[in-house]
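Report on the following structure.
The values are calculated or read from the model by the stated rules, or taken from the named source; none is laboratory data. Nothing here was measured: the structure is a model prediction, and the numbers come from that model. Please note: Cβ atoms are built from the backbone with ideal geometry, for glycine as well, and neighbour counts cover all protein chains shown.
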There are 2 protein chains.
Amino acid sequence: MELFNNDILLKIDRELNKYLDKENKLYDASKHLLFAGGKRIRPYLAILAYLLKKEDIEEVLPSAIAVELIHNYTLIHDDIMDNDDKRRGKPTVHVNYGMPIAILAGDLLYAKAFEAISNIEDSKKAHEVLKILSKSCVDVCIGQAMDMEFENRGSITLEEYFDMIYKKTGALIVSPVEIGAVMGECTEEEKRALCEYAKRIGLAFQTQDDILDLIGNKDKIGKPVGSDIREGKKTVIVIHALENLPKDKKERLLEIMGNNETTEEEIKEAIDILKDSIDYAREITIKYIEESKEYLKIFDPEKRKSLEKIADFIGERIY
Amino acid sequence: MELFNNDILLKIDRELNKYLDKENKLYDASKHLLFAGGKRIRPYLAILAYLLKKEDIEEVLPSAIAVELIHNYTLIHDDIMDNDDKRRGKPTVHVNYGMPIAILAGDLLYAKAFEAISNIEDSKKAHEVLKILSKSCVDVCIGQAMDMEFENRGSITLEEYFDMIYKKTGALIVSPVEIGAVMGECTEEEKRALCEYAKRIGLAFQTQDDILDLIGNKDKIGKPVGSDIREGKKTVIVIHALENLPKDKKERLLEIMGNNETTEEEIKEAIDILKDSIDYAREITIKYIEESKEYLKIFDPEKRKSLEKIADFIGERIY
């Protein structure tokens, strides 16, 4: 049994296409990343949450793809802000189309996301989804601003880090699940459980990403091992290390980090220094995944299986 | 009797503040232009349309200010795209806060606009307003892309120009009026009439702007007379001239346009060449204003007065 159901993925892409069915520079720029092989995890989560209570997914499609459109707008704008040249192996939108069109392409996807939810038939549901989606858009902006601010700051606590991650990447993992729950007419209790599930999935996804950067397979993660160290990125592992290492090791780590000339040897040395913190990140990732599955227990064992599999998939990569 | 009612303007600002009541770099950047003396014409129009049928404006405030938030996000992003340093006599957001924060500040206002309409109490109204606002956001992006494309193109027809203007600036004049009509529970016929009114107000506003650039008072319009000529901007006046002038005058006009070294004498010469086209722009502006007021005739004479005054205000500046 595949992790993702192909029939659902096709329906997601067909729905996305409905909103961007034009050929000109602006639309091409808007579609550049959107159809460059994203995993569609967000709309997929919305659909899986919906399927806990309903069967025919047509009703949930517009709101499911809305989150994917928002996610893609943030990628385009983030790439401009971070001055990144490549994403998913392709030149970023601003590299290909120029910065002005890239800003506008993001803005168009933003508008299309809200147009999509305006196509929900039931007004009460549209209204609830609007509340969830607009709130998560606010969170994403605040999270991105925090992330940029952290880069220019000496010390960050783990608490601040998790707050940032929860907003910057968690918001767009929790909101599709919550939207699926609303569209599927879950009870308040069910909705709360699903949000707790999604919150932990989102955090695990990020901590797992940070671990894979250090211990992953170069080909699988699509970038050289230790990129985060070279870029001086403050991941959960680094922040934990800076809070817990003895003074000499901490100083050595800071020496190695954020230096583009760093050798392979030094990366290995840093990974060795970070050993305990990698273990810490692994532990909390596993904890998040176990907890996330606990929250699903109120649902039918057959119906909750796909959501459990998504959780396990995140865990598997680091076991 | 003042054109704008101060009590209403205060309520608009109070409502705007509710959504941006934080002090940090991101929020400061978002508020930089918003509280730099905009006329609030868009939320004001929404409120006036609402007052045709209702009395207490509390209900319409969230959706009225949503359009102002959208308008302000477009200003911030447009200034980045056009690389403009100043607006309303102040440095633009990206000049003051850097480009990354400016992009994000626009994105935050965008989210806040949809958060504002999610606060409409009645779900049916929220749903209708969501449709109107998201559609106008799509139009604004398409209009801005057309405007950028026109800059790099030789000839543009008046029809193309009006289509661009209707999307780029008209959409955010029509949508607040339509939103006010929805919130005020206008009939379909009343809604249609108000949209026709607003469409003409929006076009008149633009053509009047183009006229004022050539015949206005430097201090009143806040920029040197003939700026559009220096920048080589394709206004309704220039497009009309290029379609109608004899070959020699057309060539001379193109020589003068888009040259930053252009002398005062040459600007005067260009204005002289454009004389008939300025008259044309004046005529259609007056036509738009007269027509716009015709559409209001189905409403109570006392209640429609403020909307008529807005129309006349636009006309007055060029009579």
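Results, tabulated for the structure shown:
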{"read-out": "Any hit, segment B:275-294, residues being of a type in the set (S, T, Y) and more than 16 Å from B:L214 (Cβ to Cβ)", "value": "yes"}
{"read-out": "Selection count where residues are in contact with a Phe, Trp or Tyr (Cβ under 8 Å, 6 or more places away or on another chain) and either more than 8 Å from every other protein chain (Cβ to nearest Cβ) or not polar (S, T, N, Q) (or both), scope segment A:110-138", "value": "9"}
{"read-out": "Subset of segment A:120-132 [more than 10 Å from A:E178 (Cβ to Cβ), surrounded by 18 or more Cβ atoms within 10 Å (Cβ to Cβ) and touching a residue at least 24 places away in the same chain (Cβ under 8 Å)]", "value": "A:I120, A:K125"}
{"read-out": "Yes/no for B:K168 being more than 8 Å from every other protein chain (Cβ to nearest Cβ), of a type outside the set (A, V, I, L, M) and farther than 22 Å from A:I103 by Cα", "value": "no"}
{"read-out": "Exclusive hit being closer than 25 Å to A:G143 by Cβ and in contact (Cβ under 8 Å) with a residue 12 or more places away in the chain, set B:L45, B:L16", "value": "B:L16"}
{"read-out": "Segment B:214-227: number of residues that are closer than 16 Å to B:R87 by Cβ and at pLDDT 80 or above", "value": "1"}
{"read-out": "Any chance A:I101 is over 21 Å from the mean Cα position of the chain (by Cα), closer than 19 Å to A:P62 by Cα and of a type in the set (V, I, T)", "value": "no"}
{"read-out": "Only one of A:S134, A:S155 that is of a type in the set (S, T, Y) and either farther than 23 Å from A:K233 by Cβ or assigned to a helix (DSSP H, G or I) (or both)", "value": "A:S134"}
{"read-out": "Among the residues listed as A:K191, A:K199, A:K167, A:K135, the single one being without any contact (Cβ under 8 Å) to a residue 24 or more places away in the chain and surrounded by fewer than 22 Cβ atoms within 10 Å (Cβ to Cβ)", "value": "A:K191"}
{"read-out": "Matching residues in segment A:1-32 - criterion: being under 22 Å from the mean Cα position of the chain (by Cα) and at pLDDT below 95", "value": "A:E2, A:L3, A:F4, A:N5, A:N6"}
{"read-out": "Unique match (being under 17 Å from B:G216 (Cα atoms), among the acidic types (D, E) and modelled with pLDDT of 95 or more) among B:D279, B:D248, B:D300", "value": "B:D279"}
{"read-out": "A:K250 being among the basic types (K, R) and exposed (fewer than 14 other Cβ atoms within 10 Å of the Cβ)", "value": "no"}
{"read-out": "Cross-chain or 6+ apart pairs with Cβ under 9 Å, segment B:83-98 first and over 21 Å from A:M81 (Cβ atoms) and free of Cβ contacts under 8 Å to residues at least 12 places away in the same chain, then assigned to a loop (DSSP other than H, G, I, E, B) and of a type outside the set (K, R)", "value": "B:K86/B:T92"}
{"read-out": "Close pairs from segment B:251-265: first on the phi > 0 side of the Ramachandran plot, partner outside any loop (DSSP other than H, G, I, E, B), Cβ under 9 Å, at least 6 apart", "value": "B:G258/B:I229; B:G258/B:R230"}
{"read-out": "Filter result for A:E160 (within 13 Å of chain B (Cβ to nearest Cβ) and assigned to a helix (DSSP H, G or I))", "value": "no"}
{"read-out": "Search result, residues across segment A:180-206 that are part of a loop (DSSP other than H, G, I, E, B) and of a type in the set (A, V, I, L, M, F, W, C)", "value": "A:C186"}
{"read-out": "Sole exception among (1) touching a Lys or Arg at 6+ places or on another chain (Cβ under 9 Å); (2) exposed (fewer than 15 other Cβ atoms within 10 Å of the Cβ) for A:E269, by number", "value": "(2)"}
{"read-out": "All helices (runs of 4 or more DSSP H) inside segment B:223-319 with 2 or more residues being of a type in the set (G, A, S) and closer than 18 Å to B:F162 by Cα", "value": "B:275-296"}
{"read-out": "Residue count for segment B:147-196, restricted to those that are within 19 Å of B:I289 (Cβ to Cβ), in contact with a Phe, Trp or Tyr (Cβ under 8 Å, 6 or more places away or on another chain) and of a type in the set (V, I, T)", "value": "3"}
